[in-house]
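The values are calculated or read from the model by the stated rules, or taken from the named source; none is laboratory data. What you see is a predicted model; the values in this text were computed from it and never measured. Quick reminder, even Gly has a Cβ in these numbers, built from the backbone with ideal geometry, and neighbours come from all protein chains shown. With ligands, DNA and RNA removed, areas are computed over all heavy atoms of the protein, side chains included. Shrake-Rupley method; radii C 1.70, N 1.55, O 1.52, S 1.80 Å.
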Amino acid sequence: MENGARDLETARRAAFAAGATLLKYYEKLEPSMIQTKSARRDLVSEADVAAEKVILNEIRAAFPDDAIHAEESSRAAAGDAGAIWYIDPLDGTTNFVHGLPEFTVSIARFIDNEPAIGVVYAPRLDELYIARKGGGAYRNGAPIFVSKTPDLADALVATGFPYRRSELANPNLENFGRLFFKVRDLRRLGSAALDLAFVACGRFDAYWELNLERHDVAAGALIVREAGGRVTDLSGGDAWKSGRSILATNGELHEILRNTLIE
Ligand code: IPD
Ligand code: CA
Ligand code: CA
């Protein structure tokens with residue numbers, strides 16, 4: 001198999017294996033298996049760590065020369081050039097810990113700082129979202145597309161709130177207020193990767209968030225783009241890649257949201 005097909009196949013295999021690992025822990029986590037990270041509400045469990053190991057084994061075996069940025073173990077990737085994998089073994093840890101089914105495994109491979117493939121797997125929902133640059137986006141094998149909603153008043157818009165909210169000048173609360181009366185409704189689902197997948201398949205018309213990290217958005221952003229949507233930071237640029245701010249929409253709503261939301 002040439003590299004082009006092998007990377008997506010490796011990511012898909014790793015995501016399924018990690019999903020199976022997560023489901024072994026789901027609704028069985030003891031308090032002693034959960035710890036806090038940077039902030040009291042920023043959790044990591046034995047499930048996050050076990051799932052990440054499974055993914056790293058698959059990727060290191062198939063692509064030993066690639067750099068890896070994985071949330072729980074190896075954040076420092078080797079710059080932007082070449083091939084880098086971005087791994088979030090469990091996106092939506094808070095949901096997972098509370099027994100909510102909206103959690104995902106998120107895996108992307110970037111080449112020269114551009115997304116090449118993305119996989120978002122929601123094991124409890126039994127939904128696998130994949131995309132390859134230029135190849136379209138798929139859910140469980142069927143093509144997916146963003147919504148066509150042109151008006152904010154008809155839009156279901158998702159967002160998220162940062163763990164370190166009390167330390168930040170803009171914890172995203174004002175943005176929530178700015179849209180509160182303008183949209184059909186707002187959602188806070190709890191997994192950035194799933195928020196993006198839901199924009200890609202038209203369940204959400206748009207999604208924005210501030211203060212994320214690369215591994216949260218790397219896979220989902222490509223899936224949105226390949227489903228016909230638009231992804232930028234809130235200034236219209238590329239800083240979404242660092243997670244600083246991300247706006248993912250069906251395209252129709254992009255500029256109005258960009259002009260309404262603040263970083
Ligand atoms: C979190 C989720 C959440 C977002 C947080 C992220 P984690 O990731 O994506 O939706 O609002 O800011 O950190 O910690 O569950 O991997
Ligand atoms: Ca995450
Ligand atoms: Ca995570």
Taking protein heavy atoms only, a 1.4 Å probe, and rounding to whole percent, the accessible area of segment 3-143 owed to carbon and sulfur comes out at 50
Here the residues of segment 177-218 lying in the modelled label zone of residue 166, meaning backbone nitrogen under 15 Å from a point 7 Å along Cα-to-Cβ, are none
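I'd like to check one number: the per residue accessible area of the chain, probe 1.4 Å, reported in Å² as a whole number. Present the calculation step by step, with values, prior to reporting the outcome.
Values: 11280 Å² over 263 residues.
For the chain, the per-residue accessible area is 43 Å².
Please identify every one of the trypsin sites (Lys or Arg not before Pro) in segment 157-217 that sits in a loop by DSSP and has no more than 15 other beta carbons within 10 Å of its own beta carbon.
Numbers: sites: 164, 165, 178, 182, 184, 187, 188, 203, 214; in loops: 164, 182, 184, 188, 203.
Taking segment 157-217 and a limit of 15 other Cβ atoms within 10 Å, the loop trypsin sites (Lys or Arg not before Pro) found are 164, 182, 184, 188.
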If one builds a Gaussian network model of the chain from Cα atoms under 10 Å apart, the most fluctuating residue listed among 11, 47, 142 is 142
As straight-line cross-link partners of residue 148, the qualifying lysines (C-alpha separation under 24 Å, not fewer than 8 residues apart within one chain) are 133, 182
Quick calc, the chain, dipole around Cα centre from Cβ unit charges on Lys, Arg (+) and Asp, Glu (-), nearest 20 debye, gives 320
Taking the dipole of the chain about the Cα centre (Lys, Arg +1; Asp, Glu -1; charges at Cβ), the one of 5, 93, 17 that reaches farthest to the positive side is 93
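What size of dipole, in debye to the nearest 20, comes out for segment 152-258 about its Cα centre when the only charges are +1 on Lys and Arg C-beta atoms and -1 on Asp and Glu C-beta atoms?
On the way: 14 positive and 14 negative charges, 29 e Å.
I would put it at about 140 debye.
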To the nearest 20 debye, segment 102-177 has a Cα-centred charge dipole, built from +1 on Lys and Arg Cβ and -1 on Asp and Glu Cβ, of 260
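For residue 136, what charge total do you get from the other residues with a beta carbon under 12 Å from its beta carbon, if Lys and Arg give +1 and Asp and Glu give -1?
Result for the neighbourhood of residue 136: +3.
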Taking every other residue with Cβ under 11 Å from the Cβ of residue 50 and scoring Lys and Arg +1, Asp and Glu -1, one gets -2
With -39,500 (n - 2.57) per DSSP H segment of 4 or more residues and division by the full residue count of the chain, the 222 nm estimate, nearest 500 deg cm²/dmol, is -9500 deg cm²/dmol
Summed over the other residues with a beta carbon less than 15 angstrom from that of residue 201, with K and R at +1 and D and E at -1, the charge totals -1
Expected field for residue 72, accessible surface area in Å² at 1.4 Å probe radius, rounded to 10, holds 50
Taking alpha-carbon centroids only, segment 143-183 lies from segment 12-44 a number of Å equal to 26
Rounded to the nearest 10 Å², the accessible area of residue 166 using a 1.4 Å probe with every protein chain kept is 110
